[in-house]
Amino acid sequence: MTQVIELTQVSKVYNGGAAQTALDGISMSVASGEFVAVMGPSGSGKSTLLNMVAGLDRPTSGRVCVGGRDLTGLSEGELAKFRRTHVGIVFQFFHLLNDLTVLDNVLVAAELAGIKRSAARQQATALLARLEIADKADVYPAELSGGQRQRVAIARALVNRPPLLLADEPTGALDSRSGDQIMELIAAINASGQTVVLVTHDAKLAARHAQRVISMSDGRIVDDAVLEPAAGTRSLLTFQREEARR
Amino acid sequence: MLEAPDTTVTSARPVVAAEHLTRLYGEGQAQVAALRDVEVAFQPGTFSAVMGPSGSGKSTLMHLLAGLDRPTSGTVTIDGVELNGLNDKKLTLLRRQKVGFVFQFFNLLPMLTAEENITLPLRIAGERVDEASLRQLLEAVGLADRKEHRPAELSGGQQQRVAIARALITRPAVIFADEPTGNLDSQSSREVLDMLRRAVDDLGQTIVMVTHDAQAAAVADRIVFLEDGRIVRDEGHLTADQILDVMKVLR
Amino acid sequence: MTAVWRKTLASLRRRRLQAVIIGLVVLLAAGTATLALTLLFGSTNAYDQAFAQQRGAHVLQEFTGGATTVQLAHTARAPGVTAAAGPWRTDNITVEPARVPPDERQMVADFGPPKLGLEVVGRASPAGPADDLRLVAGHWLRSGNQIVLTRSFALAQSLAVGETLNAVVGSRRVPLIIAGEVIDVDEMDAANQSPQHAWVLPATLPRLIGPGDQPGYEMAYRFRHAATNAALRADLVPIKALLPAGALGFTRSYIDVRNNYNITSALVLTFLLAFSVFALGAAALIVANIVTGAVLAGFRDIGIMKAIGFTPGQVVQMLVLQMLVPALIACVVGIPLGLLLSRPLVTQSADALGLPPPAALSLPAVLLVIAGVVTVVAVSAALPAWRAGRLSPVRAIVSGTAPQGRKAVGLARALDRLHLPPTVRLGAGQAFARPLRAGFTAVAVLVGVATVTFAVGLRTTLMHGLNDPAFNGGDYQIEVSRLMQYPDARLMHTLRAQPQTQAIVARDWASVQVNGISQPVQSVFTRGDATKLGLRALQGRWYAAPGEAVAPEAFMKEAHLRVGDYFTGSINGRRLRFHLVGMMFDTAEFGRILYMDFSTLHRAMPGEVPADYLVRLRPRSDPTAYAIRVNRTSRADLTVNIQNNTASSVIATVNDVVLVLALVLAVIAAAAVFNTVLLNTRERVRDTAVLKAVGMAPRQAILMVATSAAILGLIGGILGIPAGVVLHGVILQLMANLVGNTISPLQYQAFSAPLLLGLVIAGMLVAVLGALLPARWAAYTGVAEVLHAE
């Protein structure tokens, strides 16, 4: 099985008034189809790790390989092109383009990935429908709730069918119910074969959905555990949720 | 020694109180109720934490209590003065005299030094800066040797300590802290929380801190839990583990 | 590419204010540039076109009676001559229109019929090897009792084809019917050249020669080398050699005629081109400013775009397109506007030459303007946009804005020294937080203030000029022209007898041959004290003795003379020595003229008597009553005119154009300030929120923003005003030079200290006014909205 992500001795040091080590010699890999949660308190470096994998930031040293592609030494333009086709990113604060409607936000990502216009429109509309937000296609993000915006963000992340879906605290800005819905969507997406790496500080969330949990602290990986899928736990939680809805 | 804060202390009058507080955002289909009919009061000389998951309305509650935002309905009273009847100017004056702030980010003005940031509230008000008090305050927050530095030259923890010093310099009736450790690593978080605790214990300040961090809330004397715009629990001091248990049930 | 367009169009839809500002500025700049270029390409072309079509004469040469027709015909073969027409017999005559328009009946009853001067030429055919006459009304001469006029003369005197003019020949009147009107490219318009030519059949001419007339000849020449007046002078040398001495009279060069046609356009063009450059420069600054601001405001968006896969190149494309789209739309409106505004000036030139108006669209001008706008906007946008493209997306999203430069911090430290209230200090700091942006804005304000200063000064100066006799030709209310037979002494007696007469200056013209200059110089000889009419020298002094002369700069330059120099020459063949005692201002003959006392003329022509009398009346006298009284003493032999000092249309045009341009640039400057303050305020929105949280009242917030604007306004004003004053001096000198004069010895106090102070304050006020809207916005936006995370 090919490794979708492969990090080798990756470090990141920020120079500011005070030098900060965000990542300290990280090595890890993720296989295709996995659902990995990266956990840790604020300042542990989990978001920085995600940025490395996404090609949004460069390591000070070490090597990052994603989808078989070595990101070392790529120019800004090449990284941008890499992001178009290899990763889909969902952020905590959604980061939609406020100037564009919901549909346009998704279409832009599709066009960047080189999908032809009619096909792009088709795929975008289909995705929005699957995420149950097709009726908001011509609405601007400012008029949507947090949960709705995050669904648009997920649609945008997936329209170009990337091998890897990255999510940085995707429920961090949402209320409990919306958060649950989003996590279910992501889980379903993973169930259909999508590799998912999710960063969170919420242990319960990690435990409920991920198969593998990487724990970080002060820039280092302190634990890397595979969780047994406990069928019992799953059904208990399902029952609890249904109770809450009534 | 810095004097006790400026509150007229009668035995049980709360420093900050809210009644039937409601805040709605947006219109029509997209309307969201950030707070629903909240009633709460904070006593002088206490350190309170307000907790809840994202979207629970804790930040909104803080903004309303601090007079930074106006409620859709209900009242807020600071040190006996009701905020509803005040216009922008009077509200500003009240905040100047009675309220101190520490935010999660963007606390400081980047072009001013640490010292200038600290004395800013006084200078805006046109008041004189007492050099002796300023020096004591700088030492209390451990930044005496960095007072000429600009925020870009300070670490996150140091910036927050400057913010705390700024909040303390006017000796307000209450200090509101919005996720003060949200952006900091564990070490800096501890320093900041220490400082806040000492402000209450040594200086008699009243602090209301909004946070989602259990470690931070464990420093407080009282924890108010919010969920979906309502207060669901109101406890005294809790340990971090106890807090996590409560949070688990909430979700 | 579609992704880029999608984002560009969406951004334009949302950021309308920014698009409007760019559109407005580019519209004004494009309009001004189109106007200037169309004028440049269109009007100066008209004359050359007509000249080529009509085989214009490079030189129209007059000859005295000394040469024979055979000799003159022979000059056609002189070396360098490519074509020649004539010789034609000529004579100066006086005519009276037979028809009296109803509204002039009273005047004619009081003063007698108007007496008009013409130089008639006996010519058989309008066409020929050179100097074709283009017929624009009626037909050419068919019989001996007909006359053909120039169109400008007919227009000026309200004469029509078919009317009769009575030629005054001695005591008889010879009627001539106006057969047609022509345009002669070798003739200036009637306002600038008097007498105008008129044509009769060769057989008619002898009948029009009166007693005392001095008929002569005229020939038209075309030369191989005719580019400059110097070349023309050289061309005339072999012709002169073929003729007896003294045969050559007045030479009219086509270059002078062409300059005359183009003078209005030339004057206006001077400003237009300069201002277009300023306007385009200011537009560039504003676009650069806006783009820098857009980049900063859109940092978050740019970060997101890069995160989802826009390359840096695509980011640049998007930002440039965001600016180009409103700019091009502005061109669509601005360019036709400029073309429209150019019509009056361009058709005026063509009209005067009887040419059809040129095409409404000057393609080279339009293309040049579009190319200029696109280049300016694209380059101004691309540079800051390129910087944006290279930033790390993470930083961009998190910080939401670019970090401050180190230099800004240093400036802030300097401000600390001054013990100003904190809001003022913060406002001042804001103004300089981004030095490049502050620089752009200050320069834009500088340009605006400079042009307004210049416009105000120009207006004042031109008004002074109109009212100052040293510049407007003298302060007199009555002009009397005397026919030869009416005695000078009697007229002087009549005039002196009037109680309202304050001063009388009689005037005559003669040609002076100056050593070292081949072309004779027209000169004015005054009898009586000309300074009583307000005429004066700008440098040196007015003449007081025979032989003394004053002249404008053009003559002095041509003769290589300075004030105080002596020079020699001759009048009517008599050699004389002259003393240049002063420099004056006179635009006649483009400054190629001499003023001397009548006693000087007497030395060469003892019997000469002036024919023109200028009278200055005492204050509060009625010119009309005076004119009637004088005219009654002899209706037939005197023409009495009341002087109307109306502003020349050239000055009016110049004034209007300059004012409009100054307003345009002032608007651009105000837009620059508004834009900068808006950007600063938007950028600082978090800082402002913190300040308000910490206790800054709304009024203090407004003061803070207003301070930052006032400072930029002050800097721009302080630098712009001296720039405007200098510009005023330079342009005035340029204008004066165009008409052969100089004004530098004369320091017109157009700028008084109170005026300058007023301009500085006005500049600051405009800046502050422009800042009020963003200031209110900053003061009253809720704190919570801002600090609420997304």
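The values are calculated or read from the model by the stated rules, or taken from the named source; none is laboratory data. This is a predicted model, so every value here is computed, not measured. Positions of Cβ are backbone-derived with ideal geometry, glycine not excepted, and every protein chain shown enters the neighbour counts.
Brief remarks follow.
- Of the set (1) assigned to a helix (DSSP H, G or I); (2) farther than 24 Å from C:Val514 by Cα; (3) modelled with pLDDT under 85, all apply to C:Val630 but (3).
- Sole exception among (1) assigned to a loop (DSSP other than H, G, I, E, B); (2) surrounded by fewer than 21 Cβ atoms within 10 Å (Cβ to Cβ); (3) more than 9 Å from every other protein chain (Cβ to nearest Cβ) for B:Glu139, by number: (1)
- Within the stretch C:495-531, being within 31 Å of the chain's Cα centre (by Cα) and either assigned to a helix (DSSP H, G or I) or charged (D, E, K, R) (or both) holds for C:Arg507, C:Asp508, C:Ala530, C:Thr531.
- When B:Gln43 is tested against (1) crowded, with 22+ Cβ neighbours inside 10 Å; (2) in contact with a Pro (Cβ under 6 Å, 6 or more places away or on another chain), just one condition goes unmet, and that condition is (1).
- Among the residues making up the stretch C:188-213, those that are of a type in the set (Gly, Ala, Ser) and on the phi < 0 side of the Ramachandran plot are C:Ala190, C:Ala191, C:Ser194, C:Ala198, C:Ala203, C:Gly210.
- Checking C:Gly713, C:Gly724 one by one, the residue that is more than 14 Å from chain B (Cβ to nearest Cβ), of a type outside the set (A, V, I, L, M) and within 30 Å of C:Asn259 (Cα to Cα) is C:Gly724 and no other.
- Under the condition of being surrounded by fewer than 20 Cβ atoms within 10 Å (Cβ to Cβ) and under 17 Å from A:Leu128 (Cα atoms), the residues counted in the stretch A:173-182 number 1.
- Failed criterion for C:Leu756 (all others in (1) closer than 16 Å to C:Arg425 by Cα; (2) within 36 Å of the chain's Cα centre (by Cα) hold): (1)
- Contacts under 6 angstrom Cβ, first residue in the stretch B:33-56 being more than 14 Å from chain A (Cβ to nearest Cβ), partner surrounded by fewer than 21 Cβ atoms within 10 Å (Cβ to Cβ) and among the acidic types (Asp, Glu), 6 or more apart: B:Glu39/B:Glu19; B:Thr46/B:Asp221; B:Phe47/B:Asp221
- When B:Met62 is tested against (1) aliphatic (A, V, I, L, M); (2) surrounded by fewer than 19 Cβ atoms within 10 Å (Cβ to Cβ); (3) within 11 Å of another protein chain (Cβ to nearest Cβ), just one condition goes unmet, and that condition is (2).
- Conditions (1) part of a loop (DSSP other than H, G, I, E, B); (2) buried (at least 19 other Cβ atoms within 10 Å of the Cβ); (3) within 18 Å of the chain's Cα centre (by Cα): number failed by B:Asn183: (2)
- Positions within the stretch A:63-85 being facing chain C (nearest Cβ under 7 Å) and surrounded by fewer than 24 Cβ atoms within 10 Å (Cβ to Cβ), in sequence order: A:Glu76, A:Gly77, A:Lys81, A:Arg84
- The numbered conditions (1) surrounded by fewer than 15 Cβ atoms within 10 Å (Cβ to Cβ); (2) over 26 Å from A:Gln211 (Cα atoms); (3) away from chain B (no Cβ under 14 Å) are all true for A:Asn15 except (3).
- Identity of the residue in the stretch A:86-105, facing chain C (nearest Cβ under 8 Å) and outside any loop (DSSP other than H, G, I, E, B), that ends up surrounded by the most Cβ atoms within 10 Å (Cβ to Cβ): A:Ile89
- Checking each residue in the stretch A:169-190 for being in a helix (DSSP H, G or I), of a type outside the set (Gly, Ala, Ser) and more than 9 Å from chain B (Cβ to nearest Cβ) picks out A:Gln181, A:Ile182, A:Met183, A:Glu184, A:Leu185, A:Ile186, A:Ile189, A:Asn190.
- Residues of the stretch B:112-124 include none that is within 7 Å of another protein chain (Cβ to nearest Cβ), surrounded by fewer than 22 Cβ atoms within 10 Å (Cβ to Cβ) and outside any helix (DSSP H, G or I).
- Residues (modelled with pLDDT under 80, surrounded by fewer than 20 Cβ atoms within 10 Å (Cβ to Cβ) and in contact with a Leu (Cβ under 9 Å, 6 or more places away or on another chain)) located in the stretch C:355-382: C:Ala360, C:Leu361
- Of all residues making up the stretch B:151-180, the number that are in a helix (DSSP H, G or I), within 14 Å of chain A (Cβ to nearest Cβ) and farther than 19 Å from B:Met62 by Cα: 9
- Residue match in the stretch A:124-131 (condition: farther than 30 Å from A:Leu23 by Cα and within 13 Å of chain C (Cβ to nearest Cβ)): yes
- Qualifying residue in the stretch C:258-277 (condition: part of a helix (DSSP H, G or I), over 29 Å from C:Glu187 (Cα atoms) and not aliphatic (A, V, I, L, M)): yes
- All conditions in (1) within 13 Å of chain B (Cβ to nearest Cβ); (2) more than 14 Å from the chain's Cα centre (by Cα); (3) at negative phi; (4) in contact (Cβ under 8 Å) with a residue 12 or more places away in the chain hold for A:Asp218, with the sole exception of (3).
- All strands (runs of 3 or more DSSP E) inside the stretch A:1-56 with 1 or more residues being modelled with pLDDT under 85, of a type outside the set (A, V, I, L, M) and more than 18 Å from the chain's Cα centre (by Cα): A:3-14, A:20-31
- Residue check: A:Arg156 meets all listed conditions (1) touching a His at 6+ places or on another chain (Cβ under 7 Å); (2) within 10 Å of another protein chain (Cβ to nearest Cβ) but one, namely (1).
- Residues (within 11 Å of chain A (Cβ to nearest Cβ) and surrounded by 21 or more Cβ atoms within 10 Å (Cβ to Cβ)) located in the stretch C:283-310: C:Gly298, C:Asp301, C:Ile302, C:Gly303, C:Ile304, C:Met305, C:Lys306, C:Ala307, C:Ile308, C:Gly309, C:Phe310
- Residues of the stretch C:213-228 that are outside any loop (DSSP other than H, G, I, E, B) and surrounded by fewer than 17 Cβ atoms within 10 Å (Cβ to Cβ): none at all.
- The residues on offer are A:Glu76, A:Glu132, and the sole one that is within 18 Å of A:Ile186 (Cβ to Cβ) and over 18 Å from the mean Cα position of the chain (by Cα) is A:Glu132.
Table: residues versus (1) within 14 Å of chain A (Cβ to nearest Cβ); (2) among the aromatic types (Phe, Trp, Tyr); (3) under 26 Å from the mean Cα position of the chain (by Cα); (4) on the phi < 0 side of the Ramachandran plot.
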residue: C:Trp5; (1), (2), (3), (4): yes, yes, no, yes
residue: C:Ala19; (1), (2), (3), (4): yes, no, no, yes
residue: C:Ile22; (1), (2), (3), (4): no, no, no, yes
residue: C:Asp48; (1), (2), (3), (4): no, no, yes, yes
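- Which numbered condition C:Ala10 misses (of (1) surrounded by fewer than 24 Cβ atoms within 10 Å (Cβ to Cβ); (2) outside any helix (DSSP H, G or I)): (2)
- Taking the conditions (1) without any contact (Cβ under 8 Å) to a residue 24 or more places away in the chain; (2) in contact with a Gly (Cβ under 9 Å, 6 or more places away or on another chain) in turn, C:Leu341 satisfies each one other than (1).
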